[in-house]
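Okay, so here's the structure we're looking at.
Every number in this text was worked out from the coordinates using simple rules, so none of it is lab data. The shown structure was predicted, so the numbers you read here are calculated from the model rather than taken from an experiment. FYI the Cβ positions are ideal-geometry reconstructions off the backbone, even for glycines, and counts take in every protein chain you see.
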Amino acid sequence: MSQRRSALQVVDGIDLSGNACVITGASSGLGRESARALAAAGAHVVLAARNQDALTQTAEWIRAEVPGARTSTVHLDLTALASVRAAATTIRDITPVIHVLMNNAGVMFTPFGRTRDGFELQIGTNHFGHFELTRLLVPQLAAADGARLVILSSGGHAMGDVDLGDPNWENREYDKFVAYGASKTANILHAVEADRRLRDAGIRAYAVHPGTVATSLARYMSSSDFSQLRKFVAANSAAHGEESDGFLDFVMPEHGAATQVWAAVSPELAHNGGVYLEDCAVSQAVAPHARDAQHAAELWMLSEKLCAQ
Ligand SMILES: NC(=O)c1ccc[n+]([C@@H]2O[C@H](COP(=O)([O-])OP(=O)(O)OC[C@H]3O[C@@H](n4cnc5c(N)ncnc54)[C@H](OP(=O)(O)O)[C@@H]3O)[C@@H](O)[C@H]2O)c1
């Protein structure tokens, strides 16, 4: 674990002065650490999340850690498209050019619920809210002439595919594991299709698995959920020809945030988008359902339609 790079080590020698990086879910965990690292490299970090007090505290922490850091905060609740649209307007007022949009906010294994717009809570928060935010910020990303869209997914995408006929669990019994997997599959498919559609505008997109990181994400998990997750990890490892007892090897956020920060800054990735990243490298550990270009295109069209309603 000690050989893993930290997010701060990833930005060592990188100069982001004059760049603006927008990070959702920046008030805790991986988003907070990513914001500190990007600020340390000189970027103006725009921190977006729904809890204004937590955002203010995060901005103060970053300025204490990185003297002279430039921070802005934006209220964003991904469970309401009206809030997403208001946040996009505020972000545009803060910065006319966005060099990095990091779609990091997320929820995991929530009990069944719906967003304000009727989406199932996990795919609504993790995918549809971010899809709409990204769509609204494309002109600002294009203005950077070399922007990156970094989308947090998870190895948990293997737990479920997006059912394009029933993305919001209207006709099936809800399964919180499969629903999280579907939302994280949607994140990868979003990166695949965004990269295809937007690369001519100078925007490249990346999906990231950060590893298993000690954050607040597990707040909805019971001990039996942890057992079930360990079984899934063991079965998934076996499917890839690896042996595992399903032990969850947690890292701390300062290391867990390394790959998403690498996605945002690494020169190695400048001409290689639409890929899935893990351990600061391109990874092939993507389930077939999450790398299907046709599926990605169909999800994009469905997302446009559902977010427009
Ligand atoms: N930790 C891991 O092991 C792991 C593994 C694989 C993938 N990931 C992915 O990494 C990303 C970051 O997770 P994390 O581990 O850093 O979790 P975290 O500490 O729980 O942070 C999640 C962030 O998302 C925000 N958020 C949640 N719902 C939101 C909403 N409706 N609108 C706006 N912001 C919202 C949270 O703010 P509130 O405080 O307001 O809820 C928080 O700032 C997620 O996309 C997750 O799926 C994490």
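Key figures
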{"quantity": "Exposed chymotrypsin sites (Phe, Trp or Tyr not before Pro) absent - longest run of the chain, DSSP non-H/G/I/E/B, at most 15 other C-beta within 10 Å", "calculated": "1-111"}
{"quantity": "18 Å cut-off, amide nitrogen to a point 7 angstrom out along Thr56 Cα→Cβ, residues in the stretch 69-109", "calculated": "71-77"}
{"quantity": "Candidate lysines - alpha carbon under 28 Å from Lys305, same-chain residues fewer than 8 apart omitted", "calculated": "Lys176, Lys184"}
{"quantity": "Residue with peak Gaussian network fluctuation, the chain [Cα springs, cutoff 10 Å], from Lys184, Lys231, Lys176", "calculated": "Lys231"}
{"quantity": "Evaluated over the stretch 1-131, the Cα radius of gyration and Dmax, each in Å", "calculated": "15.1, 45"}
{"quantity": "Those GluC sites (Glu not before Pro) in the stretch 221-305 that DSSP places in a loop and that have at most 13 other beta carbons within 10 Å", "calculated": "Glu242, Glu243"}
{"quantity": "Lys/Arg +1, Asp/Glu -1 at C-beta; the chain dipole; positive extreme among Ile94, Ala41, Val66", "calculated": "Ile94"}
{"quantity": "Shape category assigned to the chain from the gyration tensor of Cα positions, a/c cut at 1.5", "calculated": "rounded"}
{"quantity": "Within the stretch 23-126: Cβ-based charge dipole about Cα centre, in debye rounded to nearest 20 (Lys, Arg +1; Asp, Glu -1)", "calculated": "120 debye"}
{"quantity": "Global size of the stretch 181-309 as Cα Rg and Dmax, reported in angstrom", "calculated": "16.2, 47"}
